[in-house]
Amino acid sequence: MKKVGFIFDLDGVIVDTAKYHYLAWKKLANELGFEFTVEQNELFKGVSRKRCLEILLDIGQIKATQEQFDTWMVEKNLDYLAYIENMDSSEILPDVPRVLDYLKEKNIPIALGSASKNARPILKKVGLLSYFDSIVDGNQVTKAKPDPEVFLIAARNLRVDPKGCVVFEDAVAGIEAANRANMTSIGIGEENVLSEAHYNFKDFTEMGTDFIASLVQKNLAK
C-alpha cells in the first residue's frame with residue numbers, strides 16, 4: 001500500500017464542462033415547456049445524470065413514464081456530447097497542468113473520481129488522460145456523491161489507504177463524500193459554499209507547490 005494519493009473531480013476542477021451540461025439541460029427543459037436557470041443548475045453539481053433529470057422534472061412539475069425518462073436521459077447526453085465535441089486543451093482550468101506535472105514528477109499516484117460518464121473522452125480531448133493512474137466515473141459507481149463510493153474505489157485502485165488520499169472538489173456533495181471517506185478535502189471554488197472542506201482555494205492559481213508538498217509530507221508521516 002502506498003501512503004499518499006491525489007484524487008480529482010472533473011467538472012469544475014479540471015475542466016469547466018458545467019456550462020455544457022447547463023446548455024443541454026436547459027434545452028431539454030425548454031422542449032418540455034419550462035425555463036431552467038443558472039441558479040437552479042447549482043443543484044446539479046456533483047450529482048448523477050439520473051438524479052439531475054429527477055430534479056429537473058421536479059422543477060418543471062413534469063410526470064414521466066419510465067420510457068420517457070430513459071429517452072430524455074439519452075437525449076440530454078447526446079446534446080451534451082455535441083457541445084463537448086470540439087473541446088481541447090484551452091478548456092483546462094488555470095494551473096491544473098502545473099499541479100498534475102508536480103505530482104507526476106514526485107511519482108504520486110493520481111486518480112479521477114467523477115460522476116460523469118464521459119470523463120475518459122473529455123480527458124482525452126483536452127490531452128490529460130495520460131496523467132491518471134485510475135479513472136473512476138459514473139460507469140463504475142452505483143451510488144452518487146455524497147456517498148463516498150467513487151473516492152473509495154479510486155483509493156483502492158491506487159492502492160492507497162483512504163486516510164492518505166487528498167481530494168479536489170468543487171461541489172458540496174463531493175466535499176461531503178471526501179470527508180465521509182476520511183480523506184483530506186480541498187474545496188475549489190467559493191469558501192462560503194464549500195465551508196466543510198479542510199482547505200479552500202478559489203482555483204489552482206492560489207495553490208502553491210509548497211502547499212502540495214506539505215500535503216504529501218503530512219500524509220507520508222501518517
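Tabulated data
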| item | result |
| --- | --- |
| Qualifying GluC sites (Glu not before Pro) in segment 73-168, DSSP loop, other Cβ atoms within 10 Å at most 11 | GLU85 |
| Euclidean distance of C-alpha centroids, segment 16-81 and segment 134-193, integer Å | 24 |
| Choice from GLN61, GLN40, GLN140 showing the highest fluctuation, given a GNM over the chain with Cα pairs closer than 10 Å | GLN61 |
| Portion, in percent, of the accessible area of the chain that falls on carbon or sulfur, probe 1.4 Å | 50 |
| Where the chain is the region considered: accessible area per residue in Å², 1.4 Å probe | 48 |
| Cα-based shape type of segment 181-222, given that a ≥ b ≥ c are square roots of the gyration tensor eigenvalues and the cut on a/c is 1.5 | oblate |
| Global geometry of segment 118-206, whether rounded, prolate or oblate, following the gyration tensor of its Cα atoms and the 1.5 cut on a/c | oblate |
| Formal net charge of residues neighbouring VAL126 (Cβ-Cβ distance under 10 Å; K, R +1; D, E -1) | 0 |
| Rounded if a/c under 1.5, otherwise prolate or oblate - segment 100-162, Cα gyration tensor axes | oblate |
| GNM flexibility winner over the chain from SER116, SER89, SER130 (Cα, springs under 10 Å) | SER130 |
| Percent RCO, i.e. relative contact order, over the chain, from Cα pairs under 8 Å lying at least 6 residues apart | 26 |
| MRE, 222 nm, helices only [DSSP H, n ≥ 4, -39500 (n - 2.57), over the chain, to nearest 500] | -13500 deg cm²/dmol |
| Inter-probe distance in nm under a simple model that places probes 7 Å from Cα toward Cβ, at GLN61 and ILE153 | 3.8 |
| Candidates VAL96, VAL38, VAL167: whichever shows maximal mean-square fluctuation once the chain is modelled as a Gaussian network with Cα springs under 10 Å | VAL38 |
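The values are calculated or read from the model by the stated rules, or taken from the named source; none is laboratory data. Everything quoted here is computed from the prediction, not taken from an experiment. Using ideal geometry, Cβ is built from the backbone for each residue, glycine included, and neighbour counts are taken over all protein chains shown. Side chains included, ligands, DNA and RNA excluded: accessible areas come from the protein's heavy atoms. Shrake-Rupley method; radii C 1.70, N 1.55, O 1.52, S 1.80 Å.
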